[in-house]
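Have a look at the structure below, then the notes.
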Amino acid sequence: MRLRPILIVLGAAMALMGVLWIGQGLGYIHWPRSSFMLDQRVWADYGSALAIGGLLLILLARRLR
């Protein structure tokens, strides 16, 4: 089983979702007024942790042979 491509795809998905959460938490992405995501800085913190985890996963996958 090839683990490297799976880890790279998973890491990229995590990094992109983390960037989306950062944008939501800081208010750069505009949501409807009924959304629970409006101006919540906690989402930016979760997003940064998720993005860093994704980038670390990509770096780990690049070291695998």
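The values are calculated or read from the model by the stated rules, or taken from the named source; none is laboratory data. Computed from a predicted model, the values in this text were never measured in an experiment. Cβ sites come from the backbone with ideal geometry, for glycine too, and all protein chains shown count toward neighbours. Calculation scope for accessible area: heavy atoms of the full protein, side chains included, ligands and nucleic acids excluded. Shrake-Rupley method; radii C 1.70, N 1.55, O 1.52, S 1.80 Å.
For L10, are the conditions met, namely being modelled with pLDDT of 90 or more, within 11 Å of the chain's Cα centre (by Cα) and open to solvent by 70 Å² or more (accessible area, probe 1.4 Å)?
yes
Going residue by residue through the range 13-25, is there one that turns out to be at pLDDT below 90, assigned to a helix (DSSP H, G or I), among the small types (G, A, S) and surrounded by 14 or more Cβ atoms within 10 Å (Cβ to Cβ)?
Here is the first cut: in the range 13-25, the residues at pLDDT below 90 are 20-25.
So of that shortlist, the ones also assigned to a helix (DSSP H, G or I) come out as 20-25.
Okay, now just the ones that are also among the small types (G, A, S), so 23, 25.
With the extra rule that they be surrounded by 14 or more Cβ atoms within 10 Å (Cβ to Cβ), the set shrinks to 23, 25.
Yes, the range 13-25 contains at least one residue that is at pLDDT below 90, assigned to a helix (DSSP H, G or I), among the small types (G, A, S) and surrounded by 14 or more Cβ atoms within 10 Å (Cβ to Cβ).
Residue pairs, Cβ under 7 Å, 6 or more apart or interchain, first in the range 1-28 and touching a residue at least 40 places away in the same chain (Cβ under 8 Å), second assigned to a helix (DSSP H, G or I) and open to solvent by 80 Å² or more (accessible area, probe 1.4 Å). List them.
Listed pairs, sorted by first residue: L7/L60; G11/L55; A15/L55.
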